[in-house]
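Reviewing the structure listed below.
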Amino acid sequence: MNHPKIDNRRSRGQALLLATIALGGVILGATAVAGVLTLYRLRAVTDIEHSAQAVFAADAGMGWSDYVHWVYQCPPPGPPCSGPPLPAFSDAAVTVLCYGPGGSGGIGSAADCTATSTVSSTIAEGESWSSVRAFSETFPTSTTTTAP
């Protein structure tokens with residue numbers, strides 16, 4: 001029986017070509033994974049910066065709320081007041097919400113922030129890009145002060 005003779009010259013580089021392609025695929029996969037991990041780290045660093053900006057914006061809103069409640073002191077029944085003009089607080093990064101007293105110590109309905117006699121709690125929300133941070137503060141029901 002005659003067996004056909006295989007020409008070894010044509011199939012010599014097949015194993016080397018297959019090994020080169022496999023090794024190239026492994027290196028490409030490792031590079032892609034490293035790139036994705038680096039991208040996640042860069043996003044985390046950027047979000048930390050935006051988160052800090054949102055915290056500072058919310059803190060500014062809370063400072064304004066404290067000033068209105070403790071320093072401005074608009075007497076009942078509320079605005080308009082005869083004292084100094086209320087400082088304007090307008091910033092696209094900050095939202096200040098004021099609430100009246102609620103039942104069982106909870107948050108009540110929305111209130112005018114300058115009517116200090118009706119405000120029992122405030123929420124200041126700061127925003128920077130996609131990061132949003134908020135602070136909440138509850139005021140005591142009595143705002144009487146004693147003279148030194």
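The values are calculated or read from the model by the stated rules, or taken from the named source; none is laboratory data. Nothing here was measured: the structure is a model prediction, and the numbers come from that model. All Cβ positions, glycine included, derive from the backbone under ideal geometry; neighbour counts span all protein chains shown.
See the values below:
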| read-out | value |
| --- | --- |
| Residue in region 88-100 that is touching a Phe, Trp or Tyr at 6+ places or on another chain (Cβ under 7 Å), assigned to a loop (DSSP other than H, G, I, E, B) and at pLDDT below 80 present | yes |
| One residue from Leu23, Leu42, Leu28, Leu37 being at pLDDT below 90 and either in contact with a Cys (Cβ under 7 Å, 6 or more places away or on another chain) or aliphatic (A, V, I, L, M) (or both) | Leu42 |
| Residue in region 110-122 that is within 30 Å of Glu49 (Cα to Cα) and modelled with pLDDT of 80 or more present | yes |
